[in-house]
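Data first, discussion second: the structure below is written as structure tokens.
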There are 2 protein chains.
Amino acid sequence: MRFSETFDVIVVGGGHAGTEAAMAAARMGQKTLLLTHNLETLGQMSCNPSIGGIGKGHLVKEIDALGGVMAEAIDEAGIQFRVLNSSKGPAVRATRAQADRVLYRQAIRRRLENQPHLWLIQQAVDDLVLQGDRIAGVVTQLGVKFSAHTVILTTGTFLAGLAHVGNNNFQAGRAGDPPSISLAQRLREMNLPVGRLKTGTPPRIDGRSINYSLLQEQPGDDPVPVFSFLGSVAQHPRQIACWITRTNRRTHDVIRDGLDRSPLFTGKIEGIGPRYCPSIEDKIMRFSDRDSHTIFLEPEGLDTHEVYPNGISTSLPYDVQIDLVRSIRGLENAHITRPGYAIEYDYFDPRALTRSLETRAIEGLFFAGQINGTTGYEEAAAQGLLAGLNASLKVQGRDAWCPRRDEAYLGVLIDDLITRGVTEPYRMFTSRAEYRLQLREDNADMRLTEMGYRLGVVNESRWQAFVAKREAIETEQQRLRKLWLRPGMLPEADLVNVLGKTIEKEYSLYELLRRPDVTYARLMSLPGIEQGLVDERIAEQVEINVKYEGYIERQKQEVARHTAYEMTSLPKDIDYRNVRGLSSEVQQKLNQFKPETIGHAARISGITPAAISLLLVHLKRGFELSEIK
Amino acid sequence: MRFSETFDVIVVGGGHAGTEAAMAAARMGQKTLLLTHNLETLGQMSCNPSIGGIGKGHLVKEIDALGGVMAEAIDEAGIQFRVLNSSKGPAVRATRAQADRVLYRQAIRRRLENQPHLWLIQQAVDDLVLQGDRIAGVVTQLGVKFSAHTVILTTGTFLAGLAHVGNNNFQAGRAGDPPSISLAQRLREMNLPVGRLKTGTPPRIDGRSINYSLLQEQPGDDPVPVFSFLGSVAQHPRQIACWITRTNRRTHDVIRDGLDRSPLFTGKIEGIGPRYCPSIEDKIMRFSDRDSHTIFLEPEGLDTHEVYPNGISTSLPYDVQIDLVRSIRGLENAHITRPGYAIEYDYFDPRALTRSLETRAIEGLFFAGQINGTTGYEEAAAQGLLAGLNASLKVQGRDAWCPRRDEAYLGVLIDDLITRGVTEPYRMFTSRAEYRLQLREDNADMRLTEMGYRLGVVNESRWQAFVAKREAIETEQQRLRKLWLRPGMLPEADLVNVLGKTIEKEYSLYELLRRPDVTYARLMSLPGIEQGLVDERIAEQVEINVKYEGYIERQKQEVARHTAYEMTSLPKDIDYRNVRGLSSEVQQKLNQFKPETIGHAARISGITPAAISLLLVHLKRGFELSEIK
Ligand SMILES: Cc1cc2nc3c(=O)[nH]c(=O)nc-3n(C[C@H](O)C(O)[C@H](O)COP(=O)(O)OP(=O)(O)OC[C@H]3O[C@@H](n4cnc5c(N)ncnc54)[C@H](O)[C@@H]3O)c2cc1C
Ligand SMILES: Cc1cc2nc3c(=O)[nH]c(=O)nc-3n(C[C@H](O)[C@@H](O)[C@H](O)COP(=O)(O)OP(=O)(O)OC[C@H]3O[C@@H](n4cnc5c(N)ncnc54)[C@H](O)[C@@H]3O)c2cc1C
């Protein structure tokens, strides 16, 4: 049977990529259909109950700046909010929130159900309909053919999904959900460049069996951060604490003893896992000198005792998981409610995609999310939004759009994927962005909302709020430029209090705000200075703009210089373990590949622009020196 | 691997039977393990979002009287409460509530998570462990062996589940959830008496596409009813209305035109479906003279637009479903979010069970719920509770317990199952109970809570509340017996107002309350009579007790007489369509089988005791007469 209506955009899959894709296309006015296995699992978090973190928080803010739903949803579902790196520069500051899984699903589903132009249908997609090398629609498990101008596949970990626990394995999309077998077969027949990846999740623990008195408490931040540019603290549900514990020598012994039944080490798992979210058995093997790793015990919600032990993702056998968990302080009597497992699934080489996430082989077919070899909700959501946007632009006969690397993490993500491809599940880090001083969380809206509005993915009310904010910032910066402080104008004590010292010549407030120790709030406390802004987020923006103007300028020059260093040769005998600041993964890779030039090094997958900067610094210092030392 | 601890009771499956079974066993202090596919689907309503109704409401109250969770959960999750048959006698009055699915799952899961002695583990069970003809445990998909003294299987529609939509079918436990294939195979190898049944569900509709202005509104009752004996209106979430519409000739034409692709009529489905919750295509075929059937549009929750169209359960092809729905008033533009489907699954002949729901073949193995050939959440939950209770009694070395037919619907249910077996999915009706005047919703606690407490399945606080209530009733009945009204004692106007007339001799208030038109509240309004009870539910109990004392007595005699009629012969040429009050199903069956005696008729499956009463009445009247008329 053929469904009577033709859609502009069909999105397959209701995970994080699929929901953003469907929402974006519908916001752009396209007649959009979201087809997914089960409407009950819309917005389901397959693994950790949290959103954001370093690099990822940046993506969430960008998604929000483009009108997406992730930030809004976590504002309604977040039970602990923190700003990571809050003591560091604003570029690497990142928001992270624990989610109540049930509330998160509800927040996503409510938005999907209420979005005009969007149809939801629960049905598994088994096949694609092609017309020559153009997509024409999809066929579901019920044999129904849905026609569409464009199709976005966001199948996550479901394509030929195979779950592993020890030597046991079973077909699944994730624990408890059926896999997508037929579609995987059909895609393989289409000769798209397919591969296998794997990812893992830790066992879940019954909180009633945890001895919290032995653990370190980790409260959320006060004041409580907010994710969406349009959000407020009042939207948050009740806030609660997380807890910290650690693995120990016994834990590591238990793991080593179980390795002979680990599917990762016995070759049962073919797919490659994420180096950056490694399983605990991976960590023990790779960092064999460390005898302890941190574990964050994260509550799964307000209304459940289940706890997510962040840091012990594993596919070891069930008995080893039990011993492993119970070897940890505070978890001596822990009851495991769900075993940890690894999942292997089909992904497609993203180098076969254009910047708009359209496949080069099949016109009108887009891929977004984990299917492109990434890992993480935020990476998936960001791609979903972009794919939804570009499918819509295509239907509208407009040019595709993708932000540049200096405009957004989203640009970095897409550029990395389509130019470098992946050799392991790709996740975002601030270190992947060479322009990261300008790609901050705080200015994501300034970077993207105007473009989003012009493209049609940002609605009127968000746009109005943005324009008002932008004007307020501009007005305030102008005002600060025009307000001059002259020596003797104010009592010395006030100046010392606010500036740390007196002034000997006249300065505009703008210039004074550039100084590292001077804050906007304290400047405004100077007698006779009228308070310019009440909204703290706008004030913060002004402060960062003014303070980092110089840095950003310098960064741009630095990047230009890097390009010149592209040809700089690297000595053969260098031991990268002595290069300060490099992560041990990067050190390993460089020692393994021994690249000849900086350019060569930069093209090795996993070697970030930040690592290249460190190398350049090292070379300047003279590596011989550090070798000898 | 063998899990280190041994459990008293392992329950397989977290549906309605499984959750009550696990809770009951844990309340009895047994070390209990609940193993289920997915902790996210604990307490999931597979089909209609409602609890209760005629016969079913009675079971819910009995479950509650025995300390179960269903009534408490629906009090927290119910978004529309009504008392059906409220104008009829108290025996057939029944409470029914629409549920918010998400809140219902949460209410069940919260109770499971907080129940002492109960462990929850997410894992599929693939096999049973036997020691001779005794159960010893189960083996999960991960190859983990969990040992136990008793095991309760509550696998619902999952065993070898096969979903049908038109000519398409696919393996599933229900839409979106994987089936249980391995366990089904193993059970078949064990030579238990297996069969196939089927049940169906309607398509779901996006409420935004419904034209409510064309529909009849159906509000809940005011005052709002409460399900649990310990519950209160304050626990209910926001209350909303349902809506009523009807099928019409065009609907029926659409269905008839689609029958050639109906898996029910083309023989694709082998399993037998429930006559009493028939699919709409069944109804059209069986009642071909009717050109309209009622449809109740029931909201699926407070936070979703999805609507459940009660009355059009179907497994017709998807295109027919769309046309069918859109032919209905108010649904002209309806968007289907999930297709309706039928599901076929393995069940086991309940005649192979004892009254405690233990299998005769394998000691310590219990079956409860849909696996026994029943349909409905309430029937499943009731069996679950009984199985959990009896597994516990067995572990404790105590005698099994099952209420008699005159004590509880639960007794009727079990007795019907194990003596008659099923030929189609079994659901409860008040007509199945020959003692139904004493098996009322209102007195379920009086019938069962004391026994539940003695058995250990009712906790102390429920027991205390019950004892207080029972004493209050007893005290008040004594008081009413001792309060005498003599002619002339009160102004005539007052007497006429309350009793409808004056009195000529002295009466106790107890005697006066027996009169059909006299209510407790009005009796208490007589001048000089002190108000005895403030709690309305207790007052109602007193009123019913007093009023129906006589009826119940007479009913018992009636039943005794029935037994004598067992041998009464039935004329061969009787046309049962002329027997007043028989449902058309019963008429059909009797005309088909032409039983020789009343006893024979009574043993035909589907012929209820109530039908037998009607037959006896008919015979007394002289069937010849009615034949001629
Ligand atoms: C075991 C496991 C471990 C993980 N570990 C990590 C980790 O270490 N770090 C991390 O950041 N993230 C991890 N994740 C999270 C996760 O994989 C994501 O990165 C994220 O969920 C990807 O989003 P997505 O939208 O691409 O896919 P998903 O969230 O997987 O959603 C896919 C959706 O598509 C639907 N679907 C699939 N096929 C079909 C079809 N044929 N027809 C209809 N619907 C279909 C599915 O039902 C589902 O709704 C893990 C997930 C799992 C399961
Ligand atoms: C399509 C459909 C139509 C229906 N129609 C009706 C109707 O018309 N009228 C009506 O009253 N009711 C209907 N129902 C409701 C329903 O079937 C029930 O009657 C009720 O849910 C039965 O409860 P249960 O506990 O026996 O099983 P279920 O609610 O089905 O629960 C079974 C549980 O066991 C788990 N499980 C199964 N096998 C395993 C295993 N091997 N290992 C671990 N866990 C396992 C499952 O995951 C699930 O949690 C319908 C259901 C479906 C799916």
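Any idea which of (1) farther than 30 Å from A:Gly200 by Cβ; (2) open to solvent by 10 Å² or more (accessible area, probe 1.4 Å); (3) touching a residue at least 60 places away in the same chain (Cβ under 8 Å) is the one A:Ala468 doesn't satisfy? A:Ala468 satisfies all of (1) farther than 30 Å from A:Gly200 by Cβ; (2) open to solvent by 10 Å² or more (accessible area, probe 1.4 Å); (3) touching a residue at least 60 places away in the same chain (Cβ under 8 Å) except (3). Of all the criteria given as (1) within 14 Å of another protein chain (Cβ to nearest Cβ); (2) farther than 11 Å from A:Ser392 by Cα, the one not satisfied by A:Ala26 is (2). Considering only residues of the range A:539-598 that are open to solvent by less than 50 Å² (accessible area, probe 1.4 Å) and among the charged types (D, E, K, R), which is modelled with the highest pLDDT? Among those that are open to solvent by less than 50 Å² (accessible area, probe 1.4 Å) and among the charged types (D, E, K, R), it is A:Glu543.
The condition of being within 10 Å of ligand 1 (Cβ to nearest atom), touching a residue at least 60 places away in the same chain (Cβ under 8 Å) and either within 14 Å of chain B (Cβ to nearest Cβ) or closer than 17 Å to A:Ile135 by Cβ (or both) holds for only one of A:Ile371, A:Ile362, that being A:Ile371. Residue count for the range B:108-117 under the criterion of being away from ligand 2 (no atom under 14 Å from the Cβ), under 29 Å from A:Asn168 (Cβ atoms) and in a helix (DSSP H, G or I): the result is 1. For the condition within 11 Å of chain A (Cβ to nearest Cβ) and within 30 Å of B:Ile255 (Cβ to Cβ), B:Asn114 does not qualify.
Each residue in the range A:334-357 was checked for being in a strand (DSSP E or B) and closer than 20 Å to A:Asp177 by Cβ, and 10 of them qualify.
Taken together, the criteria exclude B:Arg196 from residues that are open to solvent by 70 Å² or more (accessible area, probe 1.4 Å) and either more than 16 Å from ligand 1 (Cβ to nearest atom) or not small (Gly, Ala, Ser) (or both). Residues in the range A:329-341 that are surrounded by 24 or more Cβ atoms within 10 Å (Cβ to Cβ) and away from every other protein chain (no Cβ under 13 Å): A:Leu331 only. Look at (1) near ligand 1 (Cβ under 10 Å from one of its atoms); (2) within 14 Å of chain B (Cβ to nearest Cβ); (3) touching a Gly at 6+ places or on another chain (Cβ under 6 Å) and you find that A:Thr155 fails only one, number (2).
Just one of the numbered conditions (1) of a type outside the set (Phe, Trp, Tyr); (2) buried (at least 24 other Cβ atoms within 10 Å of the Cβ); (3) within 11 Å of chain B (Cβ to nearest Cβ); (4) more than 13 Å from ligand 1 (Cβ to nearest atom) is not true of A:Ala163: (4). Listed by first and then second residue, the pairs linking a residue in the range B:181-209 that is more than 14 Å from chain A (Cβ to nearest Cβ) to a residue that is part of a helix (DSSP H, G or I) and surrounded by fewer than 24 Cβ atoms within 10 Å (Cβ to Cβ), with Cβ atoms under 8 Å apart and 6 or more places separating them unless they lie on different chains, are B:Leu192/B:Ala352; B:Pro193/B:Arg351; B:Pro193/B:Ala352; B:Val194/B:Leu187; B:Val194/B:Arg188. B:Asp323: open to solvent by 10 Å² or more (accessible area, probe 1.4 Å), within 14 Å of chain A (Cβ to nearest Cβ), outside any loop (DSSP other than H, G, I, E, B) and under 30 Å from B:Ser584 (Cβ atoms), yes or no? Answer is yes for this residue. All of (1) surrounded by fewer than 21 Cβ atoms within 10 Å (Cβ to Cβ); (2) within 11 Å of another protein chain (Cβ to nearest Cβ) hold for A:Arg174 with one exception: (1). In the range B:253-286, of all residues being within 16 Å of ligand 2 (Cβ to nearest atom) and assigned to a helix (DSSP H, G or I), the one that is most open to solvent (accessible area, probe 1.4 Å) corresponds to B:Arg286. Here the range A:287-302 is the region considered, the condition is being at pLDDT 95 or above and open to solvent by 30 Å² or more (accessible area, probe 1.4 Å), and the residue that is nearest to the chain's Cα centre (by Cα) is A:Phe296. Against the list (1) away from ligand 2 (no atom under 15 Å from the Cβ); (2) open to solvent by 10 Å² or more (accessible area, probe 1.4 Å), the condition B:Ile205 fails is (2).
Taking the range B:358-375 as the range and being part of a loop (DSSP other than H, G, I, E, B) and either more than 8 Å from ligand 2 (Cβ to nearest atom) or polar (S, T, N, Q) (or both) as the test, the residues that pass are B:Arg360, B:Ala361, B:Ile362, B:Gly364, B:Gly373, B:Thr375. Out of all the residues in the range B:128-137, is one or more among the charged types (D, E, K, R) and away from chain A (no Cβ under 11 Å)? There is at least one residue in the range B:128-137 that is among the charged types (D, E, K, R) and away from chain A (no Cβ under 11 Å). The single condition among (1) among the polar types (S, T, N, Q); (2) away from ligand 1 (no atom under 16 Å from the Cβ); (3) within 30 Å of A:Asn168 (Cα to Cα) that B:Ser50 does not meet is (3). Taken as a whole, the condition of being surrounded by 24 or more Cβ atoms within 10 Å (Cβ to Cβ), within 11 Å of ligand 2 (Cβ to nearest atom) and within 13 Å of the chain's Cα centre (by Cα) does not apply to B:Tyr409.
Screening A:Ala136, A:Ala124 for residues that are of a type in the set (Gly, Ala, Ser) and within 30 Å of B:Gln106 (Cβ to Cβ) leaves exactly one candidate, A:Ala124. One residue alone among B:Ala73, B:Ala91 is more than 16 Å from ligand 1 (Cβ to nearest atom), of a type outside the set (Phe, Trp, Tyr) and either under 21 Å from B:Arg109 (Cα atoms) or within 14 Å of another protein chain (Cβ to nearest Cβ) (or both), and that residue is B:Ala73.
Residue-wise test of (1) open to solvent by less than 30 Å² (accessible area, probe 1.4 Å); (2) under 26 Å from A:Ala25 (Cβ atoms); (3) of a type in the set (S, T, N, Q); (4) not assigned by the TED database to the domain that holds A:Leu533.
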site	(1), (2), (3), (4)
A:Glu450	no, yes, no, yes
A:Leu455	yes, yes, no, yes
A:Val458	yes, yes, no, yes
A:Ser461	no, yes, yes, yes
A:Gly488	no, no, no, no
A:Leu495	yes, no, no, no
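The values are calculated or read from the model by the stated rules, or taken from the named source; none is laboratory data. Please read these numbers as outputs of a predicted model, since none were measured by experiment. Cβ coordinates were reconstructed from backbone atoms using ideal geometry, including for glycine residues, and neighbour counts include every protein chain displayed. These accessible areas exclude ligands, DNA and RNA; they are computed on the full protein's heavy atoms, side chains included. Shrake-Rupley method; radii C 1.70, N 1.55, O 1.52, S 1.80 Å.
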